[in-house]
Amino acid sequence: MERKRILLQGELTSPINPKKCCRFAPRCPYASEECFTQEPIMQEILPGHNVACHKAAQFMK
Ligand code: SF4
């Protein structure tokens, strides 16, 4: 799988008072409503490869 470099822009989330959301949501170009309201859980998408992203399965297609 080819991966291209993505430069994130936007605000960083506060490490002092983290919200229940994906911490990349303010900076992720793929963020949707659920990314701002639900913290993604860590899941294994390939043997030995874990990610916490609501859209990980979608990106693997
Ligand atoms: S859960 Fe995935 S798609 Fe959503 S903001 Fe985080 S990294 Fe982006």
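The values are calculated or read from the model by the stated rules, or taken from the named source; none is laboratory data. Treat the numbers as computed from the prediction; the structure is a model and nothing was measured. Here the Cβ positions follow ideal geometry from the backbone for every residue, glycine too, while neighbour counts run over all protein chains shown. The area values use the complete protein model at the heavy-atom level, side chains included, leaving out ligands, DNA and RNA. Shrake-Rupley method; radii C 1.70, N 1.55, O 1.52, S 1.80 Å.
Tabulated values for the structure
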item: Count of residues meeting criterion [of a type in the set (Ser, Thr, Tyr) and touching a His at 6+ places or on another chain (Cβ under 9 Å)] in the stretch 31-61; result: 1
item: Single residue of LEU8, LEU12 found to be under 24 Å from LYS61 (Cα atoms), at pLDDT below 90, surrounded by 10 or more Cβ atoms within 10 Å (Cβ to Cβ) and not aromatic (Phe, Trp, Tyr); result: LEU8
item: Pairs, first at negative phi and among the aliphatic types (A, V, I, L, M) in the stretch 12-25, second outside any loop (DSSP other than H, G, I, E, B) and crowded, with 17+ Cβ neighbours inside 10 Å, C-beta under 7 Å, six or more apart; result: ALA25/CYS35
item: Subset tally (residues that are small (Gly, Ala, Ser) and surrounded by fewer than 12 Cβ atoms within 10 Å (Cβ to Cβ)) for the stretch 15-30; result: 0
item: Looking only at the stretch 31-61, and only at residues there that are within 12 Å of the ligand (Cβ to nearest atom) and open to solvent by 100 Å² or more (accessible area, probe 1.4 Å), the one that is modelled with the lowest pLDDT; result: GLN58
